[in-house]
């Protein structure tokens, strides 16, 4: 009995020492290490349109327009017109490769005063890639491409609150069926959904000025994992939580200013910290986790665990949040000037850049332009331009809600 008790105490002490050491590893040694959270089809997280692109990539709580599908489909319930369509084009990463492009088509149609349906189609072309075999002999060229098709239903539950469900088909063909590492590759496919909400109160009075405050929330890309070879391990798609607010003040009938803030966090596993293989390995020769959690889990487990699975503890979890802030000034609801800032922690990707943009609204269509200015020199996103063309079908009839 004494032997059993002594063994139990020894085991308990060992567990406590192990837990303490793990905590020390997480908080002291791991908090400053580069540990980027990666996923399949990361193009799903790129800001699609020029309005938000000129405001530091904010959008979840901005006033609704034809591009609301990407940011928050629930905003469609308060869309100003019966129908709208937008076309956007972005030459992407031109500092690295000249033929990477992102095209985006989105729009909505009102069913009645409370219900709206939305759609979008995005196409991402990754340029021309030359493939070789294992010894370097050319095997052909291919133009990798990815696209998605989205559909959403939005409904207003009151004069101030709305919700939406969106569904998405994702297709990614990166190799064109080439053999990679001796294994035949296949296109990746996945299905996902979005759940979003939107609240706005346009009855604010600030002294002599009228104001509007809005809040938005969107959990996007909740869906299946994606793989590119038969029987291979599949990767998470970028399930994302986006929260934000926007505040608009109308100085008079001609001048208004909007301030907006978005917070984003990927709801997928953070890579754990492993012991070196030279020090320790499991019975199958795989590395042993030193801190964090096994990332090979189901989608629901990965989503919920994403809030506490970082090997660096809560400090690292907070570092995984990206911040976007932007402002938009309108004159006579016809001409807009925009600016913004996007911030990502240096250990999680280190994207830090300013954005500027302008907008023009005519009777039937509108034009938006955005330009990205990175903080660091020789950044791959430097000089990124976005172009958007919006069609206002209410303008054709001379009607607006």
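Readers should treat all values here as calculations from the given coordinates under stated rules, not as data from a laboratory. Computed from a predicted model, the values in this text were never measured in an experiment. Reconstructed Cβ throughout: ideal geometry from the backbone, glycine too, with neighbour counts over all protein chains shown.
Numbers at a glance
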| item | result |
| --- | --- |
| Value in Å of the Kirkwood radius, where the stretch 31-397 supplies the Cα pairs that are averaged | 21.9 |
| Prolate/oblate/rounded call for the stretch 30-108, Cα gyration tensor, a/c under 1.5 rounded | oblate |
| Using a Förster distance of 56 Å, the FRET efficiency for residue 139-residue 247 (Cβ separation, nearest 0.05) | 0.50 |
| Gained length - residue 352 relative to residue 323, 0.36 nm times residue gap less alpha-carbon distance | 9.5 nm |
| Burial ordering of 50, 256, 202, fewest other beta-carbon atoms within 10 Å first | 202, 256, 50 |
| Degrees between helix 2-24 axis and first principal axis of the chain (Cα, 0 to 90, nearest 10) | 40 |
| The stretch 308-328-the stretch 183-260 distance, computed between alpha-carbon centres (Å) | 16 |
| q = 0.26 Å⁻¹: log10 I(q)/I(0) that the Debye formula gives for the stretch 328-374, counting C-alpha atoms only | -0.88 |
| Ranking of 215, 124 by count of other Cβ atoms within 10 Å, fewest first | 215, 124 |
| Two-decimal Rg/Rh across the stretch 181-250, once Rg and the Kirkwood Rh are taken from alpha-carbon atoms | 1.36 |
| Sorted by Cβ neighbour density within 10 Å, fewest at the top, the residues 348, 333 | 333, 348 |
